[in-house]
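Report on the following structure.
The values are calculated or read from the model by the stated rules, or taken from the named source; none is laboratory data. Model, not experiment: these values are computed from the prediction. When we count neighbours, we look across all protein chains shown, and the Cβ atoms used for this are built from the backbone with ideal geometry, even at glycine. Note: accessible area is taken over every heavy atom of the protein model, side chains too, but ligands, DNA and RNA are not part of it. Shrake-Rupley method; radii C 1.70, N 1.55, O 1.52, S 1.80 Å.
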Amino acid sequence: MRLFVALELPWDLRERLAALGGGVPGARWVPAENLHLTLRFIGEVPPFRAEELDHALAALRARRFALTLAGIGTFAKAGRETVLWVGVERNERLDHLQGKIETALQRAGLEPERRRFAPHVSLARLDNAAPDKLAAFVQRHNLFRTDPFAVEHFTLFSSRLGKEQAAYEPEVEYSLA
Ligand code: 3AM
């Protein structure tokens, strides 16, 4: 199974994010049903490993908190923009939760994630997106900001890669205290 740990987003917020999409040729917009905030990409694991990781996550204790999305940006690889995202207002509770998940998964046998946690919600994958259109989009939505929303659980997702879009399936929800 191909797995990752993420925060689900309230449906009204996902609709609002999905509605931002458009006007950037070369952008593949993430549909509302797929919008999420990744806490840890796990990747392909056999079922018995998935079960161990699930146990590790279920034993984790962390507090619920409020989260605010704010700002727009892009990730680039080798000088090419690859992802257009909505950012997250700095949040110690989120960092704390992500750290606990990382520790729990490492104790359960995963290799450490070497990339620094850069919380974001991916809005679009970019394939040679027109630079002027992309810059205009970022400018236009730079002040994007949500009201704070409650994060009361995190979720283990499975992902099946599709031709157009991956299909994400929530497998287990873990409640926050
Ligand atoms: O949360 P986003 O959408 O930015 O790009 C994948 C997606 O990121 C990322 O994990 C999230 C859920 O699929 N992802 C896919 N393969 C990855 C890998 N090998 C990866 N992240 C790190 N390493």
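Listed values, structure above:
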| read-out | value |
| --- | --- |
| 0 to 90° range, to nearest 10: angle between helix 92-107 axis and the chain longest Cα axis | 50 |
| Rounded to 10°, Cα long-axis angle of helix 47-58 versus longest principal axis of the chain | 90 |
| Ile72 accessible area, 1.4 Å probe, all protein chains in place, Å² to nearest 10 | 20 |
| J(HN,Hα) series, the range 168-175, from Karplus relation 6.51 cos²θ - 1.76 cosθ + 1.60, nearest Hz, glycine and proline x | 9, 10, x, 9, 9, 9, 10, 6 |
| Farthest toward positive dipole pole in the chain [+1 Lys/Arg, -1 Asp/Glu at C-beta], among Pro131, Leu67, Ser175 | Pro131 |
| Per residue accessible area in Å² of the range 1-93, where ligands, DNA and RNA are left out and the probe is 1.4 Å | 51 |
| Most to least accessible of His153, His36, His55 (protein chains only, probe 1.4 Å) | His55, His153, His36 |
| Debye log10 I(q)/I(0) for the chain, one point scatterer per Cα, at q = 0.10, 0.19 Å⁻¹ | -0.40, -1.36 |
| Heavy-atom accessible surface of the chain: percent carbon and sulfur, 1.4 Å | 50 |
| Global geometry of the range 53-93, whether rounded, prolate or oblate, following the gyration tensor of its Cα atoms and the 1.5 cut on a/c | oblate |
| Cα-derived Rg to Rh of the range 1-78, Kirkwood definition | 1.03 |
| Approximate spin-label separation Ala66-Arg114, in nm, with each point projected 7 Å along Cα-to-Cβ | 4.0 |
